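Here's the structure we're looking at; comments come further down.
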Amino acid sequence: MKLTLAGTSVVALVTLFAGCKPKETSLDAATLVPAVERSSHFAAVNSQLELGGTLYGYADVDGDILKVAPYLRTLADTVGERQPMVAPFLKLDFEGVLTDLGLNDVRAIGLSSVASDGGGFRNRVYLHTPDGRRGLLSVLGGEATAFTHARLAPADADLYAEADIDAAALYAAVRALVARVAGEPMAGVFEAQLQANPSGTGVTALGVIQSLKGRATLVLRTDPERTVTLPGQQPFTVPAFQFLARVDGLGASLGPALAKLPLFTASEDGAVKFYTLKESTPIDGLQPVLAVEGTALYVASDIEFLRASLARTDGLAKAPAFTSALAELGEKGNGVTYLSPRLFDQMRRIKSLNPDLPAESVRGMDFILGSLPAPTQPLVAVRVNLPEGILYRSRWHRSLKQDVAMIGVYNPVSVGLLAAMAIPAFQKVRATSQEKAIINNLRQLSAAADQYMLENGVNEARYAQLVGQGPDKYIRSLKPVAGEDYTGLVIRGNDQDISVTPSAGKVVTLPR
């Protein structure tokens, strides 16, 4: 059954029940709720989607994330009551934290799926951020640009991915969070730790983070005939492969350090500096190499593949399958993922290449392989940052409707499983914490009893003689933490230990 959340479906259903032939209708003002009742973000989101396919969905989430803040506040207060030492750190402005992280920037969400004539589905997901993106969302980059690094990939590449990355923006969000939670002095300590240079190479974690801004690219090509065996206790055979990764910015921060490392043999070819591992690896055909070109850092499976990639002028960028997909999804963006049909065929080969695997490993592999698609054309997805939001468009093997259905079916199970794991863990942590608090109470009573017996020349001390508000008392108050009762305790000088029983029934003992 197809689900389309639009007035068209309602009109068609009413017409059908009336015994009339359904008529084509269009989505116009007459089929929408009155303007005064309409979500203020609907028009902007709807303009980025396709209406009338297998799935259309819209949700206004404006301000919803901030509604979580009171629950977080209640949770923090509860933990603070149980753990007084951490209570000061839990007095947070949770609305401010959620806002700093950028989680409140998404005001509405839309999604649509349409069955394509060429097979598969055209999917779209749109996150509406009319006031811009902060915090974690700012990591996704700025304005959309062309996917210029596709030339690095051979025309028969099995995987190609290119995406904007802004680690500096992520660091800024994390630092702001540390400052809000622990104060500006602690944020300064955090920054100082990242600026430390214990290796003496001049490379600092903060320097790497600040330089990691631009595009990150990944290329993978598998060999349809050759294989390699990965060494180990249980050798594992896979199709032979070559890979290349390129990251903007890292070349400037890591290049000087690479030249000092004795692990590599350095060489140059024009503006490119190569750093090849001196020692051979146990995997046939795998001899990793690093290279620096300007501010870009390359990591590749072998120098031949890297040189071929750097010299290539067309490759995947001119391959018909890739160019046709971009013509449909957009030739500019902030991220693209390309998966060839052969990649999934190669993954399915792995089982036959390893006939001697243990039965347990085979079952796990069958589960994974059974979930792999068998597309007849490449699967391609593009992300683009728009002035008021983030749009994901894909030509995929299945509709988003299946993902929504999976969430609906499996979410209760997932919640149950998580609860089954989390509740015992929480109870264990709480019990341990309570036991430590009880031990601390017993330790105070023991010390007070020793002092009382010493000052009064007696051999025992009762709770009432030790705890209270009077000037002759040693402890002003003693708060039970798990239903335990201290009032009947009598501590004697020759006692080997003292004990108390919480409401849960497990005796807590302090050796004296």
Charge context of F190, other residues only, Cβ under 11 angstrom, K/R +1, D/E -1: -1
Cα centre as origin, Lys/Arg/Asp/Glu Cβ charges: the stretch 426-511 dipole, Debye: 420
Selected from P224, G135, I283, residue furthest toward positive end of dipole (the chain; charges at beta carbon): P224
Where labels lie 7 Å past Cα in the beta-carbon direction, separation of K91 and T78 in nm: 2.2
Gyration tensor verdict on the stretch 444-512 (Cα atoms; rounded if a/c is under 1.5, prolate if a/b is larger than b/c, oblate otherwise): oblate
Added length on full extension, which subtracts the Cα-Cα distance from 0.36 nm per residue, E268 to T145: 41.2 nm
Burial ordering of Y71, Y463, fewest other beta-carbon atoms within 10 Å first: Y71, Y463
Relative packing of 390-403, 229-242, which averages over residues the other C-beta atoms within 10 Å, highest first: 390-403, 229-242
Candidate values (i) 36, 31, 24; (ii) 47, 25, 18; (iii) 55, 37, 26, label of the one derived for semi-axes √(5λ) of the Cα gyration tensor in Å: (iii)
0 to 90° range, to nearest 10: angle between helix 167-182 axis and the chain longest Cα axis: 20
Size of charge dipole - the chain - debye, nearest 20, with Cβ of Lys, Arg +1 and Asp, Glu -1, no other charges: 500
Across K91/K213; K213/K332; K318/K351; K67/K436, pairs whose alpha-carbon gap is larger than 24 Å: K91/K213; K318/K351; K67/K436
For the chain, calculated [θ]222 nm from helices alone, where every DSSP H run of n ≥ 4 adds -39500 (n - 2.57): -11500 deg cm²/dmol
Ordering of 31-41, 106-116, 266-276 by packing [mean C-beta count within 10 Å, highest first]: 106-116, 266-276, 31-41
Where labels lie 7 Å past Cα in the beta-carbon direction, separation of V36 and Q469 in nm: 6.0
Folded to 0 to 90 degrees: helix 69-82 orientation relative to the chain principal axis, Cα: 30
Proximal charge balance of R180 [Cβ under 14 Å; K/R count +1, D/E count -1]: -1
Extension gain, Q451 back to K67 (0.36 nm per residue minus Cα-Cα distance, nm): 133.0 nm
Pairwise FRET efficiency - A252 versus F367, Cβ, R0 = 25 Å, nearest 0.05: 0.05
Residue-span extension gain [A359 to L510] - 0.36 nm each, minus C-alpha spacing: 49.3 nm
V189 versus I439: modelled label distance in nm, points set 7 Å from Cα along the beta carbon direction: 2.5
Cβ crowding within 10 Å averaged over residues, with 137-144, 332-339, 483-490 ranked highest first: 332-339, 137-144, 483-490
Residue among G251, T313, V208 farthest towards the positive dipole end of the stretch 197-314, charges placed on Cβ: V208
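Since every read-out is calculated from the coordinates, none of them should be taken as a lab result. Predicted model only: the values in this text are computed from it and were never measured. Neighbour counts run over all protein chains shown; Cβ positions are idealised from the backbone, glycine included.
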